[in-house]
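Read the structure below first, then the notes.
The values are calculated or read from the model by the stated rules, or taken from the named source; none is laboratory data. Because the structure is predicted, anything quoted here is derived from the model rather than measured. Cβ: placed from backbone, ideal geometry, glycine included. Neighbour counts: every protein chain shown.
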Amino acid sequence: MERYTAGYLSNGVGYLLAPRIHAHVTHVDVFLRAGPRYEREAINGVTHYLEHLLVNPAYFRGALKKLWGALENQGATLGAWTGKEFLMLRIVVPAEAATKALDFARAMLEPARIRKADVEAERPVILDELMRRRYSAQQAFLIVEEALFRGGYGRPILGKEATVRELTYKEIKDWAERATAADSIRVVVSGSVGEGAIAGVERLGDLEKGEPLYDEGYVEVAPRFVAIPGDSPRVRLLLAFPGPGMNREDRFASEVLAYLSGAGLRSRIFQDLRQKRGLAYEVFGGSIHYENAGLLFFNVELARERLLDGFRVLIGSVRSISDLDLSSEDTTRAVEGLVMSLLQQTETAQVSQKLGMNWLHDNLFFPSREAMRYRRVSPADVRGIAEKYLKTETMAMAAVGVGAGELTEMMEVMQ
C-alpha cells in the first residue's frame, strides 16, 4: 500500500514522507528547482557548478563540518545529481540519525557559506569533468538533446567550456540564493521514517522565500544533425525524436512504443539491425520525459565499414514502425515489462528520485496508478504515437566518430 504524508511549510518548502516497511535506513533527498531549463545561455552550467560547491566536504566549515563529521561517524553517505530541471542532494543515514540529517541539509543549503576561493578551487575540476565527458561513450547522449531542442532543454547540464571558465563568483552566489529559496525546495524523506524525520523537516521552516528562477515557459523543437569526427573503427549513432512531457496522458503510450521498438531482444530495431542482418551488436532505444518535453531515442553502435548499411536499415525501420501490425499480445507484453520495471524501482532507493521529480512539480507519484495507466494503452494508441512523433523531419542525430563526408552520405540516405 502506498501511503505518503505530503504538505508545505509556511515558507513554501514542500515535504513528502514516504515510509517503506522493513527499511533500515533513511533517505533524505532535497530537490532544488534549477538546472539548464532555467539557465540563461551566458551562465549555462551554473547549477552543476553549484552542486560541486554544496556537497564537497572540503568546503564544509564550522557547524556544517561538525554535523557532517557526526553523520559520517554513523556511516552516512552524501551524493548529488544535476538534471535538466533539478538539483538533487541525497543524504543516506541510519534511521536514528534522520533528524541530524535534516539539520545537516538545512545547513548545507545556506548560500552565504560559498566562498570565492571555493569557486576558483572547483573550476579546474569541472573543466576536467567536461573534458572527460567529451571522450566518454556517453557523448552521444550528452549532445543529442542539444541537437533536438533550442533553449533550456537543449542546454548541456555541465555547461560549455567557455561558460564554465567565465562564470563569476557573484553569478554563482546569486544563483545559489535563488535556487535555495524556500519555495524552490522539495524534500523527500523515504525508507525508515519516524518521528525524528518529521521533526527534522520542520527545521527547514526558517528558509527564506526568494525570486523564482526564470522559465521560458515553452519548448522549441529545432532538430539538426551533429557529427563529432573521430578515427575509431567504431561509430555511434543516437537518433532522437520529440515526445510528450511527463504529465501528458500520451506519455504512457510513448513509453510502450519505445519498449516495443527499441528495448530488449524482441524489439523492432534489434531484430532489423542485429538479428536479421548482423549489422550491429549494441542496439537499444527508450524514452526520456521532463515536465514540458520529452524525447524518444534509438542508440546504435556500428563498425565504420557498416555505417551506411546500418544507417539505411535503421532509418527504414524507424519509418516503418507506425505500420507495425501490433497485436494485443505485443502491447500487453510491453506494458507488463514496463510495469515490472516500475514495481522493481519501488523496492529500491530509486523510488525516492521518482517521488522527488514529481513532487518538484507538486505531483504525487503512485506506482499503482502509473501501472493502471500503462495498462490502458491499446495497440491503436501506440500506432498513433508512432505516427505523431516518429517523423524523420523532426529527427535530431548525434553521430560520434563520423566525418563530414560520411555525414553527407548519410543525409543522402534520408532523401
**Q.** In the range 71-102, the residues that are farther than 30 Å from GLY152 by Cβ and of a type in the set (S, T, N, Q)
**A.** ASN73, GLN74, THR77, THR99
Q: Name the single residue, out of those in the range 219-230 being in contact with a Leu (Cβ under 7 Å, 6 or more places away or on another chain) and not in a loop (DSSP other than H, G, I, E, B), that is farthest from THR394 (Cα to Cα).
A: ALA227
Q | ARG40 among the charged types (D, E, K, R) and either assigned by TED's automatic domain parsing to the domain that holds ALA349 or crowded, with 20+ Cβ neighbours inside 10 Å (or both) | A | no
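If we only count helices (runs of 4 or more DSSP H) wholly inside the range 126-195, which ones have 2 or more residues that are β-branched (Val, Ile, Thr)?
Passing ranges, in order: 139-148, 161-166.
Tell me, yes or no, whether the range 291-304 has at least one residue that is of a type in the set (Gly, Ala, Ser), surrounded by fewer than 21 Cβ atoms within 10 Å (Cβ to Cβ) and either closer than 30 Å to PHE86 by Cβ or at pLDDT below 95 (or both).
Within the range 291-304 (the criterion being of a type in the set (Gly, Ala, Ser), surrounded by fewer than 21 Cβ atoms within 10 Å (Cβ to Cβ) and either closer than 30 Å to PHE86 by Cβ or at pLDDT below 95 (or both)), the answer is yes, since at least one residue qualifies.
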Q) Looking at the range 56-75, which of its residues are surrounded by fewer than 18 Cβ atoms within 10 Å (Cβ to Cβ) and under 13 Å from VAL119 (Cα atoms)? A) ASN56, ALA58
**Q.** Residue that is nearest to the chain's Cα centre (by Cα) [pool: residues in the range 388-415 that are assigned to a helix (DSSP H, G or I) and β-branched (Val, Ile, Thr)]
**A.** THR394
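Per-residue answers, yes or no, for (1) touching a Phe, Trp or Tyr at 6+ places or on another chain (Cβ under 7 Å); (2) in the same structural domain as GLY83 (by TED's automatic domain parsing); (3) of a type outside the set (Lys, Arg):
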{"residue": "ARG312", "(1), (2), (3)": "no, no, no"}
{"residue": "ASP323", "(1), (2), (3)": "no, no, yes"}
{"residue": "SER327", "(1), (2), (3)": "no, no, yes"}
{"residue": "ASP330", "(1), (2), (3)": "no, no, yes"}
{"residue": "SER341", "(1), (2), (3)": "no, no, yes"}
{"residue": "GLN350", "(1), (2), (3)": "no, no, yes"}
{"residue": "GLN353", "(1), (2), (3)": "no, no, yes"}
{"residue": "VAL377", "(1), (2), (3)": "yes, no, yes"}
{"residue": "ASP381", "(1), (2), (3)": "no, no, yes"}
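Hey, can you tell me all the residues within the range 43-96 that are of a type in the set (S, T, N, Q) and either within 18 Å of GLN350 (Cα to Cα) or outside the structural domain of SER192 (by TED's automatic domain parsing) (or both)?
Answer for the range 43-96, where residues must be of a type in the set (S, T, N, Q) and either within 18 Å of GLN350 (Cα to Cα) or outside the structural domain of SER192 (by TED's automatic domain parsing) (or both): THR77, THR82.
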Q: Those residues that are surrounded by 14 or more Cβ atoms within 10 Å (Cβ to Cβ) and part of a helix (DSSP H, G or I), I need them from the range 374-387; list them, please.
A: TYR374, ARG375, PRO379, ASP381, VAL382, ARG383, GLY384, ILE385, ALA386
Q) Of all residues in the range 231-263, which are more than 30 Å from LEU360 (Cβ to Cβ), in a loop (DSSP other than H, G, I, E, B) and in contact with a strand residue (DSSP E or B) (Cβ under 8 Å, 6 or more places away or on another chain)? A) PRO233
